[in-house]
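**Student:** Provided herewith is a single structure, encoded as structure tokens, for subsequent inquiry.
The values are calculated or read from the model by the stated rules, or taken from the named source; none is laboratory data. For clarity, every value in this text was computed on a predicted model and none was experimentally measured. For neighbour counting, all protein chains shown are included, and Cβ atoms are generated from backbone atoms with ideal geometry for every residue, glycine included.
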Amino acid sequence: MNEDQIMQAVYLGLLGAAIGASYIFANKNNLSKMAQQAAVWGLIFVGTIAAVGLWSDVSRDITGGQAVVGEDIVIPRSRDGHYYLTLQINGQPVDFVVDTGASEMVLTKLDARRVGINPDDLAYLGVASTANGEVRTASVTLDQVQLGPITDTGVRAVVNDGEMFGSLLGMSYLGLYDTLRITDGELILSR
């Protein structure tokens, strides 16, 4: 919580206490009914706070993640702190983890196969250093990569010969955008 939020909470707490005290004073002869009403209003208040607090998570789940807003691609931060993005590669949807620490767009063998590349036919001549050590990679060129209204052709990528949890969207693709910024828990890509 920042200082403004703390001050707002203190103000609302004092305001609530003043309203509650005046209500108790006005209804001191009928305390049992007042306690029931207070409990109902307390539950309504707690439910409203919970709904507001969870709204961003619920809205992200409902909208399905990334969105096109004007000329920007807006990607909400996931609960695990990562940004996930779905690209259409050669007409097939491929899910990526945005990884600004990765130099290349990295496809798993499974995703490569889904977009029409046979990983068994590739020459794994490259080497990439990862957190898990070195892995062999094969350079490929993707015919068509689409993100929202933006379509790129002849996009460079690599197929990883090792085991991966998912494909990575690295700087070779992200660098095609003019700006990449993170604001209020959203990654925004602009051209």
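**Student:** Only one residue in V145, V158, V135 is closer than 23 Å to V69 by Cα and in the same structural domain as V74 (by TED's automatic domain parsing). Which one?
**Tutor:** V145
**Student:** Which of the residues spanning segment 122-135 are over 29 Å from the mean Cα position of the chain (by Cα) and surrounded by 10 or more Cβ atoms within 10 Å (Cβ to Cβ)?
**Tutor:** Result: L122, Y124, G126, V127.
**Student:** For the condition touching a residue at least 12 places away in the same chain (Cβ under 8 Å) and within 23 Å of the chain's Cα centre (by Cα), what is the one hit in I117, I73?
**Tutor:** I73
**Student:** Evaluate the following for T183: is it loosely packed, with under 15 Cβ neighbours inside 10 Å, over 19 Å from V94 (Cα atoms), without any contact (Cβ under 8 Å) to a residue 24 or more places away in the chain and hydroxyl-bearing (S, T, Y)?
**Tutor:** For T183, the condition - loosely packed, with under 15 Cβ neighbours inside 10 Å, over 19 Å from V94 (Cα atoms), without any contact (Cβ under 8 Å) to a residue 24 or more places away in the chain and hydroxyl-bearing (S, T, Y) - is met.
**Student:** If S167 satisfies every condition in (1) surrounded by 13 or more Cβ atoms within 10 Å (Cβ to Cβ); (2) without any contact (Cβ under 8 Å) to a residue 12 or more places away in the chain; (3) hydroxyl-bearing (S, T, Y) but one, which is the exception?
**Tutor:** Only one criterion in (1) surrounded by 13 or more Cβ atoms within 10 Å (Cβ to Cβ); (2) without any contact (Cβ under 8 Å) to a residue 12 or more places away in the chain; (3) hydroxyl-bearing (S, T, Y) is unmet by S167, namely (2).
**Student:** Does segment 102-124 contain any residue that is farther than 19 Å from V155 by Cβ and either in a strand (DSSP E or B) or touching a Cys at 6+ places or on another chain (Cβ under 7 Å) (or both)?
**Tutor:** no
**Student:** List the pairs whose first member sits in segment 90-111 and is on the phi > 0 side of the Ramachandran plot, whose second member is outside any loop (DSSP other than H, G, I, E, B) and not small (G, A, S), and whose Cβ atoms are under 8 Å apart, counting only residues at least 6 apart or on separate chains?
**Tutor:** N90/L142; N90/D143; N90/Q144; G91/Q144
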